[in-house]
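Comments concern the structure below.
The values are calculated or read from the model by the stated rules, or taken from the named source; none is laboratory data. This structure is a prediction, so every number in the text was calculated from the model and none was measured. Cβ atoms come from the backbone with ideal geometry, glycine included; neighbour counts cover every protein chain shown. For the accessible areas, the whole protein counts, side chains as well, though only heavy atoms, and no ligand, DNA or RNA atoms are used. Shrake-Rupley method; radii C 1.70, N 1.55, O 1.52, S 1.80 Å.
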Amino acid sequence: MYLNKEAGAMVAIAADDRFVAMIEILKGNLLAGLRAGRTEKQRKLAIPHFPFIVVYIVDKTQVHILRIFHAAHKLAQRFKSTN
């Protein structure tokens, strides 16, 4: 909804299509993203041509999307250890 309001329907549709395509890549390659976070299972994947990062958890056969961040957010601070 935000992209539609701020950038128009065509950009929102293109972003949605890109999200779906990247999730399809994850289905075939669970470890496509980089390790991010406190556990070995938590990973992140940048969305090409869009300023978004998908944060997900991998188990043996599934990908669980935790959140999609705008790249301007400080991702590292969100997953920093709270010792």
TODO: Output the residues belonging to the range 21-56 that are in contact (Cβ under 8 Å) with a residue 24 or more places away in the chain, assigned to a loop (DSSP other than H, G, I, E, B) and either closer than 16 Å to A72 by Cβ or aromatic (F, W, Y) (or both).
DONE: H49, F50
TODO: Can you run down the residue pairs with Cβ atoms below 7 Å, 6 or more apart or on separate chains, where the first is in the range 1-20 and farther than 18 Å from A46 by Cα and the partner is in a helix (DSSP H, G or I)?
DONE: N4/A12
Open item on the list: Checking V54 against (1) open to solvent by 70 Å² or more (accessible area, probe 1.4 Å); (2) of a type outside the set (F, W, Y); (3) within 11 Å of the chain's Cα centre (by Cα), only one condition comes out false. Which one?
Closed with: (1)
- [ ] Go through the range 10-51 and count every residue that is over 15 Å from A71 (Cβ atoms), open to solvent by 50 Å² or more (accessible area, probe 1.4 Å) and small (G, A, S).
- [x] 1
Task: Every residue from the range 60-83 that is modelled with pLDDT under 80 and assigned to a loop (DSSP other than H, G, I, E, B) - done: K60, T61, A71, A72, H73, K74, F79, K80, S81, T82, N83
